[in-house]
Amino acid sequence: QVQLEESGGGLVQTGGSLRLSCAASGRPFSSYSVAWFRQGPGKEREFVAVISRSGAYTSHADSVKGRFTISRDNARNTVYLQMNSPKPEDTAVYHCAAQSDYLKIDPASYRYWGQGTQVTVSS
């Protein structure tokens, strides 16, 4: 098993930047692909970005491509989401999730989830 904990959320203005962290404990973190999902007010949970076990491969949703970047540091058991130039529509609770298969973007594929961190973007 692996336990996940997100941090770094908060209030940010449009055009600013924020970095979210997902810290893991338990089994070796490098055994898992990790993704970020988000759920805005009144919306369904949606895929944001995913990174492979080694960090060599990533995929980002079209809505964040060019603005958000996922990365990981397996020595620190942490995955990051760098959010640059956020927009009000990026306001959501951001969750990280882990699974032992290859890159997946369907939240139903993920077994382990963090509690989430709130990101609010003001215009």
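A few comments on the model shown:
- Of the criteria (1) within 14 Å of the chain's Cα centre (by Cα); (2) closer than 21 Å to Thr120 by Cα; (3) without any contact (Cβ under 8 Å) to a residue 60 or more places away in the chain; (4) loosely packed, with under 14 Cβ neighbours inside 10 Å, which one Thr91 fails: (4)
- Among the residues making up the range 94-119, those that are in a strand (DSSP E or B) and surrounded by 14 or more Cβ atoms within 10 Å (Cβ to Cβ) are Tyr94, His95, Cys96, Ala97, Ala98, Gln99, Tyr112, Trp113, Thr117, Val119.
- Here is the figure for the range 68-85: residues that are open to solvent by 20 Å² or more (accessible area, probe 1.4 Å), on the phi < 0 side of the Ramachandran plot and either part of a helix (DSSP H, G or I) or not basic (Lys, Arg) (or both) total 9.
- Among residues of the range 1-15, those that are open to solvent by less than 40 Å² (accessible area, probe 1.4 Å), modelled with pLDDT of 95 or more and not in a loop (DSSP other than H, G, I, E, B), counted: 4
The values are calculated or read from the model by the stated rules, or taken from the named source; none is laboratory data. On a predicted model such as this, the values are computed, not experimentally measured, just so you know. Cβ sites come from the backbone with ideal geometry, for glycine too, and all protein chains shown count toward neighbours. The area values use the complete protein model at the heavy-atom level, side chains included, leaving out ligands, DNA and RNA. Shrake-Rupley method; radii C 1.70, N 1.55, O 1.52, S 1.80 Å.
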